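The values are calculated or read from the model by the stated rules, or taken from the named source; none is laboratory data. Here the structure is a predicted model, which is why all the values come from computation and not from measurement. Reconstructed Cβ throughout: ideal geometry from the backbone, glycine too, with neighbour counts over all protein chains shown. Ligands, DNA and RNA are excluded from the accessible area calculation, which covers all protein heavy atoms including side chains. Shrake-Rupley method; radii C 1.70, N 1.55, O 1.52, S 1.80 Å.
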Amino acid sequence: MVRIEPGWKNALAGEFDQPYFQQLTGMVREAYRKCPTGVFPPPAKIFAAYDASPFFDTKVIIIGQDPYHGPGQANGLAFSVNPGIALPPSLRNIFREVSDDTGAPMSANGDLSRWASQGVLLLNATLTVEAHKPRSHAGQGWEKFTDASVRALATQREHLVFILWGSDAIRKGAFIDRSKHLVLESPHPSPLSAHRGFFGNHHFSKANDYLISHGKSPIIW
């Protein structure tokens, strides 16, 4: 039985009994069993993004790749780290763009639950990873499940903001109806690509302008 926020559980009900999901959960359980301290995030946090941003409260979706693979970093929210953990380079660049775009001070706290509690779904494409092995759980079924999550929002909700950074995230949003939602795309905030168009994308102010124009409260970034 998957423990996940009730709105999400209903929206994704068709996924849990599918063969791919059964195989996926078997793989994940075995990975944690073999090395309980070497798979991230902690088991109770695998579906943290869904619990922190309930289906009918979600207003903005930011898509990441897979959880951080260093000890103590991953907390189940894309790009987020636990309080007291040094900011990873991509997150530091995100905060720099927030500051440049909105005038907010640069944050030293990388725990993005403050965004999630306002309706920002921080969804990684892959929800688990082995220590020090980026993308080690890619191609095992998580992508199909998170695709279904994006599709559920895109089809069952209206006037959402999808923020897609980098080619992987952009591909994940290919089926979103642009007449029904705002889709913002740019290069990834990684130091390898941030200077190619992530900096100066103004996604945070554009998201808020769109939310306000559709009668929704803006996000305090």
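Which FRET efficiency value, to the nearest 0.05, is calculated for Arg151 and Ser213 with the Förster distance at 35 angstrom and r the Cβ-Cβ distance? Intermediate results must be reported in sequence, preceding the final value.
Details: r = 24 Å, r/R0 = 0.70.
The value I calculate is 0.90.
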Arg3 versus Ala86, label points 7 Å from Cα toward the beta carbon: distance in nm?
3.3
Taking the dipole of the chain about the Cα centre (Lys, Arg +1; Asp, Glu -1; charges at Cβ), the one of Ile46, Ala31, Ala152 that reaches farthest to the positive side is Ala31
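Exactly which GluC sites (Glu not before Pro) in the stretch 73-172 are in a DSSP loop and have at most 16 other Cβ atoms within 10 Å? Walk me through the numbers on the way to the answer.
Numbers: sites: Glu97, Glu130, Glu143, Glu158; in loops: Glu158.
Of the GluC sites (Glu not before Pro), the ones in loops of the stretch 73-172 whose Cβ has at most 16 other Cβ atoms within 10 Å are Glu158.
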Using unit Cβ charges (K, R positive; D, E negative) and no other charged atoms, how large, in debye to the nearest 20, is the dipole of the chain about its Cα centre?
200
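What trypsin sites (Lys or Arg not before Pro) does the stretch 127-221 have in DSSP loop regions with at most 10 other beta carbons within 10 Å? Intermediate results must be reported in sequence, preceding the final value.
On the way: sites: Arg135, Lys144, Arg151, Arg157, Arg171, Lys172, Arg178, Lys180, Arg196, Lys206, Lys216; in loops: Arg135, Arg157, Arg178, Lys180, Lys216.
Passing both the DSSP loop test and the Cβ count: Arg178.
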Ranked by GNM mean-square fluctuation in the chain (Cα springs under 10 Å), the top entry among Ala44, Ala152, Ala131 is Ala44
Which residue, chosen from Val60, Pro71, Ala194, occupies the Cα position most advanced towards the positive end of the dipole of the chain, where the dipole is computed from +1 (Lys, Arg) and -1 (Asp, Glu) charges on Cβ about the Cα centre?
Pro71
Taking all pairs of different Cα atoms in the stretch 67-116, averaging 1/r and flipping that mean, what Kirkwood radius in angstroms comes out?
11.1
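Can you give me the accessible area per residue for the stretch 1-75, using a 1.4 Å probe, in Å²?
With all protein chains present, the stretch 1-75 gives 50 Å² per residue.
Is the C-alpha gyration tensor of the stretch 1-114 telling us rounded, prolate or oblate? Criteria: a/c under 1.5 is rounded; beyond that, a/b larger than b/c is prolate, otherwise oblate. Working shown, then result.
Values: a/c = 2.73, a/b = 1.47, b/c = 1.86.
Note, shape of the stretch 1-114 comes out oblate.
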Please report the relative contact order for the chain, taking Cα pairs under 8 Å with a sequence separation of at least 6, and give it as a percent rounded to a whole number.
22
Accessible area of the stretch 118-221 belonging to carbon and sulfur atoms, whole % at 1.4 Å probe:
53
Compute the separation of the alpha-carbon centres of the stretch 12-47 and the stretch 88-153 and state it in Å as a whole number.
19
Checked the stretch 95-221 with the C-alpha gyration tensor, a ≥ b ≥ c its square-rooted eigenvalues, rounded below a/c of 1.5, otherwise prolate if a/b is larger than b/c and oblate if not; verdict oblate
In deg cm²/dmol, rounded to the nearest 500, the helical mean residue ellipticity at 222 nm of the chain, built from -39500 (n - 2.57) for every DSSP H run of length 4 or more, is -10500 deg cm²/dmol
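Give the percent of DSSP beta bridges with both residues in the chain that are antiparallel, rounded to the nearest 5. Intermediate results must be reported in sequence, preceding the final value.
Numbers: 3 of 17 bridges.
Roughly 20 percent of the beta bridges in the chain run antiparallel, per DSSP.
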Please check: in the Gaussian network model of the chain (C-alpha springs, under 10 Å), which one of Thr58, Thr128, Thr25 has the largest mean-square fluctuation.
Thr25
Please build a GNM for the chain, connecting alpha carbons under 10 Å apart, and tell me which residue among Ser80, Ser90, Ser167 fluctuates the most.
Ser167
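For the stretch 51-132, state which chymotrypsin sites (Phe, Trp or Tyr not before Pro) are in a DSSP loop and have at most 16 other beta carbons lying within 10 Å of their beta carbon.
On the way: sites: Phe55, Phe56, Tyr68, Phe79, Phe95, Trp115; in loops: Phe55, Phe56, Tyr68, Phe79.
Taking the stretch 51-132 and a limit of 16 other Cβ atoms within 10 Å, the loop chymotrypsin sites (Phe, Trp or Tyr not before Pro) found are Phe56.
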Mind giving me the FRET efficiency for Ala138 and Ser179? R0 is 22 Å, r the Cβ-Cβ distance, nearest 0.05 is fine.
0.10
Would you check the chain for Lys pairs whose C-alpha atoms are within less than 16 Å, ignoring same-chain pairs closer than 8 in sequence, and give me the count?
10
Run the dipole for the stretch 1-98 about the Cα centre, Lys and Arg Cβ at +1, Asp and Glu Cβ at -1, nothing else charged, and hand back the magnitude in debye, nearest 20.
260
